[in-house]
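Here the structure is laid out as structure tokens; the discussion comes afterwards.
We did not get these values from a lab; they are worked out from the coordinates using the rules stated. Keep in mind that this is a model prediction, so the values were computed, not measured. Here Cβ is always computed from backbone atoms with ideal geometry, including for glycine, and neighbour counts include all displayed protein chains.
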């Protein structure tokens, strides 16, 4: 799997489409980089380095995965 990174400036400009709050860049248990909203427990995919910030594309995150994600911050 290729390393996907986002420019730090771009990351500060991105916001969750649902609550308009900031997102965290984290790795999921399969090694994929995702943008995570810890307030709503929702993860947004990054497809070929492009954030997919569509509410329909986000997935719910379990409590266990949430703890893993916030520990990465």
Burial ranking of peptide ranges 35-48, 9-22 (average Cβ count within 10 Å, highest at the top): 35-48, 9-22
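Would you compute, from DSSP H runs of 4+ residues alone, the mean residue ellipticity of the chain at 222 nm, taking -39500 (n - 2.57) per run and dividing by the full residue count, rounded to the nearest 500? All intermediate terms of the calculation are to be shown ahead of the outcome.
On the way: 2 runs with 16 residues, N = 73.
Calculated at 222 nm, the ellipticity per residue is -6000 deg cm²/dmol.
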Prolate/oblate/rounded label for segment 3-42 (Cα gyration tensor, a/c 1.5): oblate
Inter-probe distance in nm under a simple model that places probes 7 Å from Cα toward Cβ, at residue 47 and residue 10: 1.5
